[in-house]
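The values are calculated or read from the model by the stated rules, or taken from the named source; none is laboratory data. Remember, it's a predicted structure, so these values are computed and weren't measured experimentally. Don't worry about glycine lacking a Cβ; one is built from the backbone with ideal geometry, like all the others, and counts go over all protein chains shown. Just the protein is used for accessible areas: all its heavy atoms, side chains included, with ligands, DNA and RNA removed. Shrake-Rupley method; radii C 1.70, N 1.55, O 1.52, S 1.80 Å.
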Amino acid sequence: MMDEAIWQPLQVELSRWTNAKRIARFWLRDDDAVEPTAALERLLVLREAYQVPLTLAVVPAYAREQLARRLAHEARVNVAVHGWSHENHAPANEKKQELGPHRTLDVMSAELADGHKRLEKLFPDRFVPVLVPPWNRIDPLLANELPNLDFRALSLFGPPKGKFTAFLPVINTHVDLMDWHGTRGCRDHGQLVEAIVKELRLRFMSSDEPIGILTHHLVNDESAWAFLQTLFAVVAAAPACRWVSLPELL
(Lines give C-alpha, C1' and ligand atoms only; values in the text may rest on other atoms or scores of the structure.)
Protein backbone atom coordinates (compact mmCIF):
# COMPACT_ATOMS: atom_id res chain seq x y z
CA MET A 1 0.00 0.00 0.00
CA MET A 2 1.32 3.45 -0.91
CA ASP A 3 2.19 5.82 1.93
CA GLU A 4 0.47 8.97 0.68
CA ALA A 5 2.56 11.31 2.83
CA ILE A 6 5.83 9.97 1.42
CA TRP A 7 4.70 10.13 -2.21
CA GLN A 8 2.78 13.42 -2.05
CA PRO A 9 5.82 15.63 -2.94
CA LEU A 10 6.30 13.70 -6.18
CA GLN A 11 2.60 13.85 -7.03
CA VAL A 12 2.54 17.60 -6.38
CA GLU A 13 5.60 18.15 -8.57
CA LEU A 14 4.12 16.06 -11.37
CA SER A 15 0.91 18.10 -11.15
CA ARG A 16 3.04 21.20 -11.72
CA TRP A 17 4.44 19.58 -14.86
CA THR A 18 0.94 18.69 -16.03
CA ASN A 19 -0.30 22.25 -15.53
CA ALA A 20 2.68 23.56 -17.47
CA LYS A 21 2.02 21.06 -20.26
CA ARG A 22 5.48 19.61 -19.77
CA ILE A 23 6.38 15.91 -20.06
CA ALA A 24 8.81 14.43 -17.55
CA ARG A 25 10.73 11.52 -19.00
CA PHE A 26 12.17 8.60 -17.05
CA TRP A 27 14.26 5.63 -18.08
CA LEU A 28 15.11 2.42 -16.23
CA ARG A 29 18.53 0.73 -16.11
CA ASP A 30 19.18 -2.47 -14.18
CA ASP A 31 22.76 -3.69 -13.73
CA ASP A 32 24.62 -7.01 -13.50
CA ALA A 33 22.39 -9.38 -15.47
CA VAL A 34 23.99 -12.61 -16.76
CA GLU A 35 21.29 -15.30 -16.62
CA PRO A 36 17.62 -15.83 -15.75
CA THR A 37 16.98 -15.76 -12.00
CA ALA A 38 13.93 -15.46 -9.80
CA ALA A 39 14.85 -11.83 -9.14
CA LEU A 40 15.17 -11.03 -12.84
CA GLU A 41 11.85 -12.73 -13.51
CA ARG A 42 10.25 -10.57 -10.85
CA LEU A 43 11.64 -7.45 -12.50
CA LEU A 44 10.47 -8.50 -15.95
CA VAL A 45 6.96 -9.26 -14.73
CA LEU A 46 6.74 -5.97 -12.81
CA ARG A 47 7.96 -3.81 -15.66
CA GLU A 48 5.62 -5.61 -18.09
CA ALA A 49 2.63 -4.88 -15.84
CA TYR A 50 3.28 -1.15 -16.19
CA GLN A 51 4.72 -1.24 -19.73
CA VAL A 52 8.03 0.22 -18.59
CA PRO A 53 10.95 -0.08 -21.05
CA LEU A 54 14.02 -1.65 -19.47
CA THR A 55 17.73 -1.63 -20.23
CA LEU A 56 19.68 -4.51 -18.74
CA ALA A 57 23.40 -3.90 -18.30
CA VAL A 58 24.72 -7.39 -19.04
CA VAL A 59 28.20 -8.65 -18.08
CA PRO A 60 29.51 -10.09 -21.39
CA ALA A 61 32.02 -12.59 -19.99
CA TYR A 62 29.29 -14.43 -18.10
CA ALA A 63 26.23 -13.81 -20.28
CA ARG A 64 24.30 -17.00 -20.94
CA GLU A 65 22.26 -18.29 -23.86
CA GLN A 66 19.45 -18.88 -21.37
CA LEU A 67 19.19 -15.13 -20.85
CA ALA A 68 18.94 -14.53 -24.60
CA ARG A 69 16.13 -17.09 -24.83
CA ARG A 70 14.29 -15.55 -21.88
CA LEU A 71 14.41 -12.06 -23.38
CA ALA A 72 13.57 -13.12 -26.92
CA HIS A 73 9.90 -12.15 -26.67
CA GLU A 74 10.14 -9.29 -24.15
CA ALA A 75 8.94 -6.08 -25.77
CA ARG A 76 11.08 -2.99 -25.13
CA VAL A 77 13.81 -4.74 -23.15
CA ASN A 78 17.30 -3.86 -24.33
CA VAL A 79 20.80 -5.05 -23.49
CA ALA A 80 23.83 -2.81 -22.95
CA VAL A 81 27.49 -3.73 -22.36
CA HIS A 82 28.42 -3.84 -18.66
CA GLY A 83 32.20 -3.83 -18.95
CA TRP A 84 33.69 -7.24 -19.64
CA SER A 85 33.83 -9.37 -16.49
CA HIS A 86 32.93 -6.85 -13.73
CA GLU A 87 36.32 -7.51 -12.15
CA ASN A 88 38.01 -4.94 -9.94
CA HIS A 89 41.57 -4.05 -10.98
CA ALA A 90 42.11 -1.15 -8.59
CA PRO A 91 44.23 -1.56 -5.44
CA ALA A 92 42.52 -1.92 -2.08
CA ASN A 93 43.03 1.74 -1.18
CA GLU A 94 41.12 2.99 -4.27
CA LYS A 95 37.52 2.82 -5.40
CA LYS A 96 36.68 -0.27 -7.39
CA GLN A 97 37.21 -0.04 -11.14
CA GLU A 98 37.38 -2.48 -14.01
CA LEU A 99 38.01 0.23 -16.61
CA GLY A 100 40.33 2.51 -14.69
CA PRO A 101 43.95 3.56 -15.29
CA HIS A 102 45.30 0.32 -13.82
CA ARG A 103 45.71 -1.56 -17.11
CA THR A 104 46.73 -0.63 -20.62
CA LEU A 105 44.26 0.93 -23.02
CA ASP A 106 44.95 -1.86 -25.50
CA VAL A 107 43.91 -4.56 -23.05
CA MET A 108 40.75 -2.79 -21.94
CA SER A 109 39.80 -1.82 -25.49
CA ALA A 110 40.16 -5.43 -26.62
CA GLU A 111 37.92 -6.61 -23.78
CA LEU A 112 35.25 -4.04 -24.62
CA ALA A 113 35.41 -4.93 -28.30
CA ASP A 114 34.92 -8.60 -27.38
CA GLY A 115 32.04 -7.69 -25.06
CA HIS A 116 30.37 -5.65 -27.77
CA LYS A 117 30.63 -8.51 -30.27
CA ARG A 118 29.51 -11.16 -27.80
CA LEU A 119 26.36 -9.34 -26.72
CA GLU A 120 25.51 -8.23 -30.24
CA LYS A 121 25.64 -11.89 -31.28
CA LEU A 122 23.71 -13.19 -28.26
CA PHE A 123 21.02 -10.49 -28.36
CA PRO A 124 20.74 -9.38 -32.01
CA ASP A 125 17.30 -7.82 -31.51
CA ARG A 126 17.94 -6.40 -28.02
CA PHE A 127 21.48 -5.06 -28.20
CA VAL A 128 22.24 -1.35 -27.95
CA PRO A 129 25.87 -0.17 -28.42
CA VAL A 130 26.02 1.60 -25.07
CA LEU A 131 28.72 1.03 -22.46
CA VAL A 132 27.78 0.87 -18.78
CA PRO A 133 31.10 0.76 -16.89
CA PRO A 134 31.08 -1.41 -13.77
CA TRP A 135 30.80 0.78 -10.67
CA ASN A 136 30.01 3.66 -13.06
CA ARG A 137 33.69 4.52 -13.42
CA ILE A 138 35.90 4.72 -16.51
CA ASP A 139 39.28 6.21 -17.37
CA PRO A 140 38.69 9.28 -19.60
CA LEU A 141 41.44 8.06 -21.93
CA LEU A 142 39.50 4.85 -22.48
CA ALA A 143 36.26 6.78 -22.92
CA ASN A 144 37.98 8.61 -25.76
CA GLU A 145 38.41 5.26 -27.54
CA LEU A 146 34.77 4.20 -27.34
CA PRO A 147 33.64 5.63 -30.71
CA ASN A 148 36.44 3.60 -32.34
CA LEU A 149 34.97 0.49 -30.71
CA ASP A 150 31.53 1.16 -32.22
CA PHE A 151 29.93 2.38 -29.01
CA ARG A 152 27.35 5.12 -29.54
CA ALA A 153 26.88 6.27 -25.95
CA LEU A 154 28.13 5.95 -22.38
CA SER A 155 25.93 5.51 -19.31
CA LEU A 156 27.25 6.41 -15.86
CA PHE A 157 25.63 7.78 -12.69
CA GLY A 158 24.94 11.38 -11.77
CA PRO A 159 25.19 14.62 -13.75
CA PRO A 160 27.11 14.26 -17.03
CA LYS A 161 30.75 15.30 -16.65
CA GLY A 162 32.29 17.40 -19.40
CA LYS A 163 35.34 15.16 -19.63
CA PHE A 164 33.07 12.39 -20.94
CA THR A 165 30.50 14.34 -22.95
CA ALA A 166 33.30 15.51 -25.22
CA PHE A 167 33.75 11.97 -26.53
CA LEU A 168 30.21 10.72 -27.18
CA PRO A 169 26.67 11.12 -25.80
CA VAL A 170 26.29 10.39 -22.08
CA ILE A 171 22.94 8.96 -20.94
CA ASN A 172 23.19 8.72 -17.19
CA THR A 173 21.16 7.34 -14.34
CA HIS A 174 20.47 9.69 -11.43
CA VAL A 175 18.62 7.87 -8.64
CA ASP A 176 19.95 4.57 -7.29
CA LEU A 177 17.54 2.63 -5.09
CA MET A 178 20.27 0.98 -3.02
CA ASP A 179 22.09 2.30 0.06
CA TRP A 180 25.51 0.93 -0.90
CA HIS A 181 27.46 2.66 1.87
CA GLY A 182 25.03 1.95 4.70
CA THR A 183 22.46 -0.81 5.04
CA ARG A 184 23.12 -2.17 1.52
CA GLY A 185 19.36 -2.43 1.27
CA CYS A 186 16.87 -0.04 -0.24
CA ARG A 187 17.27 3.61 0.65
CA ASP A 188 14.58 5.32 2.71
CA HIS A 189 11.55 5.81 0.46
CA GLY A 190 11.17 9.43 1.48
CA GLN A 191 14.77 10.14 0.51
CA LEU A 192 14.28 8.47 -2.85
CA VAL A 193 11.15 10.50 -3.55
CA GLU A 194 13.03 13.66 -2.53
CA ALA A 195 15.85 12.75 -4.94
CA ILE A 196 13.42 12.28 -7.85
CA VAL A 197 11.64 15.55 -7.06
CA LYS A 198 15.02 17.32 -7.00
CA GLU A 199 15.84 15.95 -10.45
CA LEU A 200 12.45 17.05 -11.77
CA ARG A 201 12.91 20.58 -10.44
CA LEU A 202 16.33 20.83 -12.06
CA ARG A 203 14.71 20.05 -15.41
CA PHE A 204 11.45 22.00 -15.10
CA MET A 205 12.54 25.24 -16.73
CA SER A 206 14.95 24.18 -19.44
CA SER A 207 15.85 20.50 -19.76
CA ASP A 208 14.15 17.41 -21.12
CA GLU A 209 16.97 15.07 -20.04
CA PRO A 210 15.33 11.85 -18.86
CA ILE A 211 15.73 10.92 -15.23
CA GLY A 212 17.52 7.59 -14.98
CA ILE A 213 16.36 5.16 -12.29
CA LEU A 214 19.03 2.60 -11.38
CA THR A 215 18.24 -0.83 -9.93
CA HIS A 216 20.14 -4.04 -9.24
CA HIS A 217 17.69 -6.93 -9.35
CA LEU A 218 20.08 -9.41 -7.76
CA VAL A 219 20.29 -7.44 -4.50
CA ASN A 220 16.82 -5.86 -4.36
CA ASP A 221 15.18 -6.34 -0.98
CA GLU A 222 11.41 -6.21 -0.43
CA SER A 223 11.59 -2.49 0.26
CA ALA A 224 13.23 -1.90 -3.13
CA TRP A 225 10.60 -3.94 -4.92
CA ALA A 226 7.84 -2.05 -3.11
CA PHE A 227 9.35 1.31 -4.00
CA LEU A 228 9.75 0.37 -7.66
CA GLN A 229 6.18 -0.85 -7.97
CA THR A 230 4.81 2.33 -6.37
CA LEU A 231 6.99 4.51 -8.60
CA PHE A 232 5.67 2.70 -11.66
CA ALA A 233 2.10 3.25 -10.45
CA VAL A 234 2.60 6.96 -9.68
CA VAL A 235 4.23 7.63 -13.06
CA ALA A 236 1.52 5.67 -14.87
CA ALA A 237 -1.16 7.81 -13.20
CA ALA A 238 0.48 11.13 -14.09
CA PRO A 239 -0.35 12.71 -17.47
CA ALA A 240 2.98 14.56 -17.32
CA CYS A 241 5.13 11.43 -17.36
CA ARG A 242 6.37 8.77 -19.68
CA TRP A 243 9.05 6.10 -19.63
CA VAL A 244 11.43 6.02 -22.58
CA SER A 245 13.66 3.26 -23.86
CA LEU A 246 17.39 3.61 -24.31
CA PRO A 247 17.22 3.31 -28.13
CA GLU A 248 14.93 6.36 -28.15
CA LEU A 249 17.73 8.36 -26.53
CA LEU A 250 20.49 7.44 -28.97
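Overview of results
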quantity	calculated
Under-5 Å amide H pairs with residue 171, H placed in peptide plane, nonlocal only	154, 155, 156
Average Cα contact separation per residue, segment 126-250, under 8 Å, 6 or more apart, as relative contact order %	21 percent
Charge-dipole axis of the chain as Lys and Arg at +1 and Asp and Glu at -1 on Cβ define it, positive-most pick from 45, 205, 83	205
Cβ-derived FRET efficiency at R0 30 Å, residue 75 paired with residue 209, nearest 0.05	0.75
Simple label model, 7 Å out from Cα along Cβ direction - residue 136 to residue 90, nm	1.3 nm
Accessible surface, per residue, of the chain when the full set of protein chains is kept, probe 1.4 Å, Å²	47 Å²
Per-residue SASA entry for residue 184, accessible area with 1.4 Å probe, Å² rounded to 10	140 Å²
Net charge dipole size for the chain [Lys, Arg +1 and Asp, Glu -1 on Cβ; Debye, nearest 20]	600 debye
Backbone HN-Hα couplings from phi across segment 144-161 [Karplus 6.51/-1.76/1.60, Hz, Gly and Pro as x]	4, 8, 4, x, 6, 9, 6, 7, 9, 6, 10, 10, 10, 10, x, x, x, 9
Rh (Kirkwood; distinct C-alpha pairs) - segment 62-190, Å	15.9 Å
For the chain: relative contact order, % (alpha-carbon pairs under 8 angstrom, 6 or more apart)	29 percent
Förster radius 35 Å - calculated FRET efficiency between residue 161 and residue 3, Cβ distance, rounded to 0.05	0.50
Area of residue 231 that stays accessible when all protein chains are in place (1.4 Å probe, Å², to 10)	0 Å²
Surface share of carbon and sulfur [accessible, 1.4 angstrom probe, percent] for the chain	52 percent
Helix-only mean residue ellipticity at 222 nm for the chain, each DSSP H run of n ≥ 4 adding -39500 (n - 2.57), per residue, nearest 500	-11500 deg cm²/dmol
Whole-Hz couplings from phi, Karplus 6.51/-1.76/1.60, listed for segment 123-134; x for Gly and Pro	10, x, 9, 10, 6, 10, x, 10, 9, 10, x, x
Percent of beta bridges antiparallel (DSSP, the chain, rounded to nearest 5)	5 percent
Sequence-distant residues sharing a close amide H with residue 176 (under 5 Å, placed H)	214
Mean Cα-pair separation over length for segment 88-185, i.e. relative contact order, pairs under 8 Å, 6 or more apart, %	21 percent
Spin-label model distance (nm) - residue 64 vs residue 113, 7 Å beyond Cα toward Cβ	3.0 nm
Stretch gain in nm, segment residue 202-residue 16, where the contour uses 0.36 nm per residue and the Cα spacing is subtracted	65.6 nm
Simple label model, 7 Å out from Cα along Cβ direction - residue 104 to residue 179, nm	4.5 nm
Amide proton proximity set for residue 89, modelled H, under 5 Å, gap of 5+	97, 98
Solvent accessible area, Å² - residue 123, 1.4 Å probe, full protein context	0 Å²
